[in-house]
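The values are calculated or read from the model by the stated rules, or taken from the named source; none is laboratory data. Everything numeric in this text was worked out from a predicted model, so none of it was measured. Cβ: placed from backbone, ideal geometry, glycine included. Neighbour counts: every protein chain shown. Protein only, heavy atoms only, side chains kept; ligands, DNA and RNA dropped before computing areas. Shrake-Rupley method; radii C 1.70, N 1.55, O 1.52, S 1.80 Å.
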Amino acid sequence: PVVGNPSVASNLVWTEDSQRLAWHAGGKVWVWSGTGNTPSVVFEWLPSGDLYWSPDGNRLLINRVQGATNAPAIYQSNPAGTPATLLLEGYQLQGWVDGNQRMALWRESRLYIAFPDGGSNYLYFNNALVNQDYVFPSPPGNWLAMGATEGLFLKPVPDGPHTQIPDCGGAVWREDGVRFACVRSWFPMARIGDVSSGSPIITENLDMYGDP
């Protein structure tokens, strides 16, 4: 029902209830409200980054990527497809945490936790070796896994001590947010971890080729 050439569209994101759709195409961000066949342009900036619907589906949050003449920023639009307005400058959204009540934000090799209005925020994790592309919130948002050259860091949300797992890259969370898997750097081996005790532990080491 959506007009346009799907071959030039990317980063399609549904709301949690699957009633609205957002995507990139032609240097713009588009929103389809769930009815009709004409989407709306809500943002024009090249390049724009990841798209995130708020958990209730009432806001679309758009990362504006840092360029030669602009700082990174987060813009917001409503589901009706009105033009996006600036929410926060200098930050990039990394996902929803703390039971989908707060946002995880990235700024200059630091992670912050903020409320959805972008008002108050606090420094959550400071490590220059963490890669912005390797930040993984657990599904309920009670933990963040952060990949770095030193391994994988896991830390509870809203705050608490972090745990380092050496020789492990990015994490994939199970749907319940209790168990996670990560791949050992330079080895064909996966590690399975568990955070149910409140402190992450590795419970299994799996040979990814299945050798005995």
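Top mean-square fluctuation among GLY151, GLY99, GLY198, Gaussian network model of the chain, C-alpha springs under 10 Å?
Evaluated over the chain, the most mobile residue of the options is GLY198.
In a Gaussian network model over the chain where Cα atoms closer than 10 Å are linked, find which of ALA71, ALA25, ALA84 has the largest mean-square fluctuation.
ALA71
Take every Cα-Cα pair in the chain and report what % of them are more than 31 Å apart.
27 percent
Which percent of the accessible heavy-atom area of the chain goes to carbon and sulfur, probe 1.4 angstrom?
Ligands and nucleic acids excluded, carbon and sulfur give 53 percent.
Based on alpha-carbon atoms only, what is the radius of gyration of region 17-82 relative to the globular estimate 2.2 N^0.38 Å?
1.10
Give, to the nearest whole percent, the P(r) tail of region 32-150 beyond 23 angstrom, counting all Cα pairs.
Above the 23 Å cut-off, region 32-150 has 31 percent of its Cα pairs.
Which order do you get for GLU108, GLU175, GLU150 if you rank them by accessible area with a 1.4 Å probe, largest at the top?
Accessible-area ranking of GLU108, GLU175, GLU150, largest first: GLU175, GLU108, GLU150.
For ASN78 and SER33, compute 0.36 nm times the residue count separating them, minus their Cα-Cα distance, and round to one decimal in nm.
Extending this stretch completely gives an extra 15.2 nm.
What FRET efficiency, computed as 1/(1 + (r/R0)^6) with R0 = 45 Å and r the Cβ-Cβ distance, is obtained for TYR122 and SER10, rounded to the nearest 0.05?
0.85
For the chain, with every protein chain kept in place, what is the accessible area per residue (1.4 Å probe, Å²)?
51 Å²
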